[in-house]
Amino acid sequence: MTTLVFGHKSPDTDSTGSPLIWAWYLNEVKGVDAKPVLLGEPNTEAAFVVEKWGFEKPEIISSVDAGQQVVIVDTNNPAELPADINAADITAIIDHHKLVGGLETKGPIDITIRPLACTATIMYDLMGDDANKMPDNIKGAMLSCILSDTLEFRSPTTTDVDKALAQKLASELNIDLGAYASEMFEAKSDISAFSDAELIRMDSKEYAVEGTKFRVSVLETTAPKLVLDRKASIMESMAAVAAEDGVDQVLLFVVDILNEEATLFVPNDLVKTVAEKSFDATVEGDSVVLPGIMSRKKQIIPNLKL
């Protein structure tokens, strides 16, 4: 049976690249028949990385068959996985997020969850000496994952391990790390082809606070004006997206990569309360700038209060 390797819905670069990396490792090193797949369309940065390093875009799936062997990467949250995930045969989980709970397995499995910035960094360590066998396109995918998840080391999630590995890979590939990161972020910042609803869902996770369900969406960009110019229409779409997705409210953070700050859209009193209580912010108008806020995982989700 082929083992499917996939990350979370709304795949970013790490959830696109890590399945490619681990499927290569299982196939070429461990002799396990494996296939990378996605749970949705990759965002513009992830699509750029797939093309840049000569990969075919993995097949997109929405469900898994009962008993299907799977490896889950870059998440352990059932809300970010197919609804029928617990019917599958989960053989391993490789992740760098907090343990959520709710997954069921057919038996004991390999689970690796480490406090690093990027799933691909964990994979490098798990490979041991076999990492030396990585071809350039796999190295390129790994480098891309690290640069994306650390925002070129600007994110507070960055560790010395992530940074050292990225620099090592860039040297081996003879790539100017800063120039390549700029290429990636430019691709991520091109939002012209996306509807407001698509932007809201592009990099988004569900999270509940005191019984209130939020869709916490992040748009990381080097050109925040492109998003802020659409603020009025995006805020109109936030209510529709919340209703369609079965959550109470969308929280949308526009992360300015270069200025290292986030702008939170504030369409109503509920979000105003969240901003004031969670980030000690003073809200005047329909948005608020949050200096230093870069990471949903480390700075946004853990601080949410009502």
Ignoring the sites themselves, what is the longest stretch of the chain with no GluC sites (Glu not before Pro) in a DSSP loop and at most 16 other beta-carbon atoms within 10 Å?
105-209
Using 0.36 nm per residue, how much length does the chain from Asn303 to Lys35 gain when fully extended, once their Cα-Cα distance is taken away?
92.8 nm
In whole angstrom, the spacing between the Cα centers of the stretch 252-283 and the stretch 95-121 equals 29
Go ahead and set up a Gaussian network model of the chain, Cα springs under 10 Å, then flag whichever of Pro291, Pro42, Pro19 fluctuates most.
Pro291
Considering amide H positions built from the backbone, and no H for Pro or chain starts, which residues 5 or more places from Leu219, or on another chain, come under 5 Å of its amide H?
Phe253, Val254, Val255
Counting alpha carbon pairs within less than 8 Å and at least 6 residues apart, what relative contact order, in whole percent, applies to the chain?
13
With 22 Å as the limit, write out which pairs from Lys35/Lys139; Lys52/Lys205; Lys9/Lys168; Lys52/Lys298 have Cα-Cα distances beyond it, or answer none.
Lys52/Lys205; Lys9/Lys168; Lys52/Lys298
Gap separating the Cα centres of the stretch 12-65 and the stretch 142-195, nearest whole Å
18
Excluding Pro267 itself, calculate the net charge of residues whose Cβ lies under 12 Å from the Cβ of Pro267, where each Lys or Arg counts +1 and each Asp or Glu counts -1.
-1
Need the full-extension length gain, Val289 to Leu173, defined as separation in residues times 0.36 nm minus the C-alpha distance. One decimal, nm.
38.0 nm
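Bear in mind these aren't lab numbers, they're just calculated from the coordinates by the rules spelled out. Small disclaimer: the values here were computed from a predicted structure and weren't measured. Neighbour counts run over all protein chains shown; Cβ positions are idealised from the backbone, glycine included.
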